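What follows is a set of notes on a single structure, which appears directly below.
The values are calculated or read from the model by the stated rules, or taken from the named source; none is laboratory data. Keep in mind that what you see is a predicted model, and the values were worked out from it rather than measured. Cβ placement follows ideal geometry from the backbone for every residue including glycine, while neighbour counts extend to all protein chains displayed. Ligands, DNA and RNA are stripped out before the accessible areas are found, and what is left, the full protein with its side chains, is counted by its heavy atoms. Shrake-Rupley method; radii C 1.70, N 1.55, O 1.52, S 1.80 Å.
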Amino acid sequence: MNNILKAITKDSFVLPIVAIIMGLILGAIVMLIGGYNPIDAYSALLTRVYGDPYDFGEAIREMTPLIMTGMAFAFAARAGLFNIGGEGQFLIGMTAATVVAVNLHGLPAYIHAPLAIIAGAVFGGLWAAIAGFLKAVRGVNEVISCIMLNWIGLYLANFVINHFMLLQGQNRSEDIQPSASIAIMWLSEMMGNARVHWGTAIALAAAVFFYVFMWKTKQGYELRAVGFNQDASKYAGMNVNRNIVKAMFISGMFAGLAGSFEVLGVFQYQSVMASSPGTGFDGIAVALIGLNNPFGIILGSILFGTLTYGSAGMSFSADVPPEIVRIVIGAIIFFIAAQGIVRWVLKPFYAKRKKEKVL
């Protein structure tokens, strides 16, 4: 019990909670300035997400890829890398899963679906490893290479769909084989045909893997050491270049899995996209909210998914523009990043608690 209380009172727990509250308060102030009722708006948001089985299932569906792209950014960040390329890795993983799911026929579901998922993970990882290799061998900044790879990934994905799997007369691929689907049909029927799928369970398992690998294994220790200080790691005998590529590969696998879940579990096909869907970039915000901790990222994705999916309820029920939700999310990230402001707000409470301890 004492350990739980200590965890709850730690800065790593208190600061994000206060930052979230401050972000919601700032959003409420913006609503008041605009002539909207913040209580009605937030009530409509929560009702939209949790007031109906279908909407609750769709909200879970919204959160799942955010968990994966959030962990993609966080894993690289723990190794001292800024993986802004989750968007491209997401799209390449999606395309690889689509190729396997559409073109392989006659396979049983217990082989076809895992094979498509693995293809998405591996190709997402390889796409990220390109940036890692350039960083390790040539010293190319991963931010620049990842941004370039995002655009290449978008157009490469569209090229593959347009030239090899395009459904005649449509701007999308052919449907995947039923054996490659990871949709949970019985649960979907219980939740009003919400598009729930096994990817959510895999995402939760991936968070456990992230934690165990990063904090309980020798390889994870090396990755974190490289992230803290590359020179000291090299002096200690660690292969810095190999760890950079490894970190980016595993990071890309998370993002690639997110893309494969969208095809195999949600849409059952892949569209030709005019622009990037933004899931990889949203994952960065989720990782920042979760402080690059896998379990914090799960909580961050719940918050982010609730706000983004529930924003439609704010629009329809309270007539509040959905852009205000982006203001709230931006404010939360700002307050998490600017922890000095949060600490200043909490200073009187900490002073009071310290005084009570002395007495």
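Note down the magnitude of the dipole of the chain about its Cα centre, charges +1 on Lys and Arg C-beta and -1 on Asp and Glu C-beta and zero elsewhere, to the nearest 20 debye. Before the final figure, lay out each step's value.
Details: 23 positive and 18 negative charges, 372 e Å.
Roughly 1780 debye for the chain.
Here the extension length gained between Gln168 and Ile21 equals 47.9 nm, from 0.36 nm per residue of separation less the Cα-Cα distance.
Per DSSP H run of n ≥ 4, the term is -39500 (n - 2.57); total these for the chain, divide by its residue number, and report the mean residue ellipticity at 222 nm rounded to 500 deg cm²/dmol.
Details: 16 runs with 266 residues, N = 359.
Dividing the helical sum by the residues of the chain leaves -24500 deg cm²/dmol.
Our estimate of slack between Ala337 and Val143, defined as 0.36 nm per intervening residue step minus the Cα-Cα distance, is 67.9 nm. Under 5 Å from the amide H of Arg172 lie the amide H atoms of Leu167, Val272, each residue being 5 or more positions distant or on a separate chain, with H modelled from the backbone and absent for Pro and chain starts. Pull out a ≥ b ≥ c, the square roots of the eigenvalues of the alpha-carbon gyration tensor of the stretch 1-125, then state rounded if a/c is under 1.5, prolate if not and a/b is larger than b/c, and oblate in the remaining case. It comes out prolate by the Cα gyration axes.
Within the accessible area of the stretch 254-359, what % is carbon and sulfur when the probe is 1.4 Å and the other protein chains stay in place?
67 percent
Label positions at Phe209 and Phe159, each projected 7 Å from the Cα along the C-beta direction, are separated by 2.9 nm. What shape does the stretch 129-274 take by its C-alpha gyration tensor, where a ≥ b ≥ c are the square roots of the eigenvalues and a/c under 1.5 counts as rounded, a/b above b/c as prolate, and the rest as oblate? The shape class here is oblate.
Aspartates and glutamates within cross-link reach of Lys234: Cα-Cα under 17 Å, excluding same-chain residues under 8 positions apart? List returned: Glu222.
Of the chymotrypsin sites (Phe, Trp or Tyr not before Pro) in the stretch 33-123, the ones in a loop by DSSP (not H, G, I, E or B) with at most 14 other beta carbons within 10 Å are Phe82.
For Lys347, a cut-off of 18 angstrom between C-alpha atoms picks up these aspartates and glutamates, skipping any fewer than 8 places away in its own chain: Asp11, Glu356. What helices does the chain hold that run 30 Å or longer along their axis, going by alpha-carbon atoms, with a Kyte-Doolittle average of 0.5 or more, using DSSP H for the helix calls? Going by DSSP H runs, the hits are 11-33, 109-133, 240-261, 294-318. Could you point to the label whose value was computed as Rg/Rh (Cα atoms, Kirkwood Rh) for the structure here, given (1) 1.00; (2) 1.05; (3) 0.98? Correct label, based on the coordinates given: (1). Summarising the amide proton neighbourhood of His197: residues at separation of 5 or more, or on other chains, whose placed amide H is nearer than 5 Å comprise Ile184.
Compute the Cα gyration tensor for the stretch 208-304, then decide on rounded, prolate or oblate, letting a ≥ b ≥ c be the square roots of its eigenvalues: rounded whenever a/c is under 1.5, prolate when a/b is larger than b/c in the other cases, and oblate in all that remain. Prolate, since a/c reaches 1.5 and a/b exceeds b/c. Summarising the label geometry, the points placed 7 Å from Cα in the beta-carbon direction at Tyr235 and Val345 lie 4.1 nm from one another.
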